[in-house]
Amino acid sequence: MTRRIPVLFDEPDEEEPHINLTPLIDVVFVVLIAFMILAPLLDIDQVELAQAPDASKKKESLQEASTLAIAVRRDNTIWVDKRQIALSDLDAWLLAEKKRHPGQIPKLFQDKRAEFGTYQAVKNRIEACGFEELDIVLQP
C-alpha cells in the first residue's frame, strides 16, 4: 500500500516570463556612442564674465563714458544722466539723443533684481526710436 502525502500548498508549474534586454542595451550603447562622437563637434557659444575688483567704480566709469546710458534699478525705476525719468518721457529723450549722437549705441544698465517687463519696455522704446543696436550691461 502506498501512502499519499497531502500537499498543502499547490504551486502551479508556470515559469516567469523572460524579458530579453539585449536589444534595449544595444540601443542605449548606440545612442551613447553617437553623443560621444557628436559632442566635440557642437559649437556652443559661451560668454565668460570677467571679475571686476570694484563693480561700482567700473559701473560709474562706463556710464560716464557713454552719453546714452540708461539704468534700470532694482525698484524698476529708470535713470538717465543721474536723474529719474518716467517711461513715457524716455521716448523724447531718446529721440533728442539720436539727433545729437546718431552713431552712438545706447547702453542699458539692467539690475538683475529688476523685473523683466521693465527691461522689455525700455528695449522696445529704444527700438521704436530708431536705434538698431543696444549694449546691455548686467550688474553683479
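The values are calculated or read from the model by the stated rules, or taken from the named source; none is laboratory data. Keep in mind it's a predicted model, so treat the numbers as computed, not measured. In this analysis, Cβ positions are derived from the backbone assuming ideal geometry, glycine residues included, and neighbour counts consider all displayed protein chains.
One table, with the values for the structure above:
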| quantity | calculated |
| --- | --- |
| Test: residue in the range 13-24 that is out of contact with any Gly (no Cβ under 9 Å at 6 or more places or on another chain) and either closer than 30 Å to Asp111 by Cβ or modelled with pLDDT under 60 (or both) | no |
| Condition met for Trp93 (touching a Phe, Trp or Tyr at 6+ places or on another chain (Cβ under 9 Å) and either under 29 Å from Ile126 (Cα atoms) or at pLDDT below 90 (or both)) | no |
| Some residue of the range 31-47 being farther than 23 Å from Glu115 by Cβ, exposed (fewer than 11 other Cβ atoms within 10 Å of the Cβ), modelled with pLDDT under 90 and more than 25 Å from the chain's Cα centre (by Cα) | no |
| Whichever residue in the range 110-125 is modelled with pLDDT under 90 and of a type in the set (A, V, I, L, M, F, W, C) and, among such residues, is farthest from the chain's Cα centre (by Cα) | Ala114 |
| Residue under evaluation Ile136, criteria (1) touching a helix residue (DSSP H, G or I) at 6+ places or on another chain (Cβ under 9 Å); (2) loosely packed, with under 13 Cβ neighbours inside 10 Å; (3) assigned to a helix (DSSP H, G or I), criterion not met | (3) |
| Residue, surrounded by the most Cβ atoms within 10 Å (Cβ to Cβ), within the range 83-133, restricted to residues that are free of Cβ contacts under 8 Å to residues at least 24 places away in the same chain and among the aliphatic types (A, V, I, L, M) | Ile85 |
